[in-house]
Amino acid sequence: MNTIKNVLVYGAGLMGKNIAFVVSSIEDYEITVFDINPVKLHDELRESTKQLVREGVLTQEEVNRRLGRISFVQKLIPDFLKKVDLVIEAVFEKLELKREIFGFLEKHCRTDCVFCTNTSAMSPTEISSELNHRSRFIGTHFWNPADRKSTRLNSSHIT
């Protein structure tokens, strides 16, 4: 893989949806947010970005463009997963759940897909210990709330 185009954020809670919004600052990225629970992702992101617009950090037009790069799904299809270049996991801090998620992803994503865990308290080494391709696994930590600490990314931060 030379470039990142398709990003999957696994988990649409407070951290996941806001991480997706931060990642959407890179115009070339298409972001898909997955969660087993139904989420009105765009409505929730519009609400959470009102303060950013009010304070002049972002324009409403930029928020709209960025939301256009984010989609939400409740089911992960193997054909879709083969197209994912970067996964950012953002589920609650439970080791077995994180291991289960990355085990599933490893079976369905390409071997050059980069896996990130957003954890503040767990060891990335422990989370990835059962993976076959651990060299593609990294730990990340977005501050809470992610969209207030960093509203924009530069693709050099990720590539």
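The values are calculated or read from the model by the stated rules, or taken from the named source; none is laboratory data. Please read all numbers here as calculations on a predicted model, not as lab measurements. FYI the Cβ positions are ideal-geometry reconstructions off the backbone, even for glycines, and counts take in every protein chain you see. We work out accessible area using only protein heavy atoms, side chains counted, and drop any ligands, DNA or RNA first. Shrake-Rupley method; radii C 1.70, N 1.55, O 1.52, S 1.80 Å.
Counting other Cβ atoms within 10 Å, keep those with at most 12, restrict to DSSP loop, and tell me which GluC sites (Glu not before Pro) in region 1-79 are left.
Working: sites: GLU27, GLU30, GLU44, GLU47, GLU55, GLU61, GLU62; in loops: GLU27, GLU55.
Taking region 1-79 and a limit of 12 other Cβ atoms within 10 Å, the loop GluC sites (Glu not before Pro) found are GLU27, GLU55.
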Checklist entry - Which of the cysteines in the chain are isolated, no other cysteine C-beta under 4.7 Å? => result CYS116
Checklist outcome for this item: The rounded separation in angstrom of the Cα centers of region 104-131 and region 6-72 is 23
Item to check | Cα long-axis angle, helix 95-108 against the chain (0 to 90 degrees, to the nearest 10) | outcome: 80
Checklist entry - Amide H of SER71: which non-local residues (sequence gap of 5 or more, or other chain) have their own amide H closer than 5 Å, using H built in the peptide plane? => result ILE31, THR32, VAL33
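Mean residue ellipticity at 222 nm from the helices of the chain, using -39,500 (n - 2.57) per DSSP H segment of n ≥ 4 over the full residue count, to the nearest 500 deg cm²/dmol? Walk me through the numbers before you get to the answer.
Working: 7 runs with 58 residues, N = 159.
Counting only the DSSP helices, I get -10000 deg cm²/dmol.
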Checklist entry - Just LYS107, LYS98, LYS17 to compare: in a GNM of the chain, with alpha carbon springs under 10 Å, which one fluctuates most? => result LYS107
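Cα-Cα over 18 Å: which of LYS83/LYS107; LYS5/LYS82; LYS17/LYS75; LYS17/LYS107; LYS17/LYS40?
Values: LYS83/LYS107 13 Å; LYS5/LYS82 12 Å; LYS17/LYS75 16 Å; LYS17/LYS107 25 Å; LYS17/LYS40 10 Å.
Long pairs (Cα-Cα over 18 Å): LYS17/LYS107.
Compute the accessible area per residue over the chain, keeping the other protein chains in place, probe 1.4 Å, unit Å².
Numbers: 8470 Å² over 159 residues.
Each residue of the chain exposes 53 Å² on average to a 1.4 Å probe.
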Checklist outcome for this item: Exposed chymotrypsin sites (Phe, Trp or Tyr not before Pro) being those in a DSSP loop with at most 14 other Cβ atoms within 10 Å, the longest stretch of the chain free of them is 1-91
Checklist entry - Against the longest principal axis of the chain, how steep is helix 41-54, in degrees 0 to 90 to the nearest 10, with axes from Cα atoms? => result 50
Checklist entry - From the phi of every residue in region 15-22, what ³J(HN,Hα) in whole Hz does the Karplus formula 6.51 cos²θ - 1.76 cosθ + 1.60 yield, where θ is phi - 60° and glycine or proline is x? => result 6, x, 5, 6, 5, 4, 5, 4
Item to check | At most 13 other Cβ within 10 Å, DSSP loop - GluC sites (Glu not before Pro), region 87-129 | outcome: GLU93
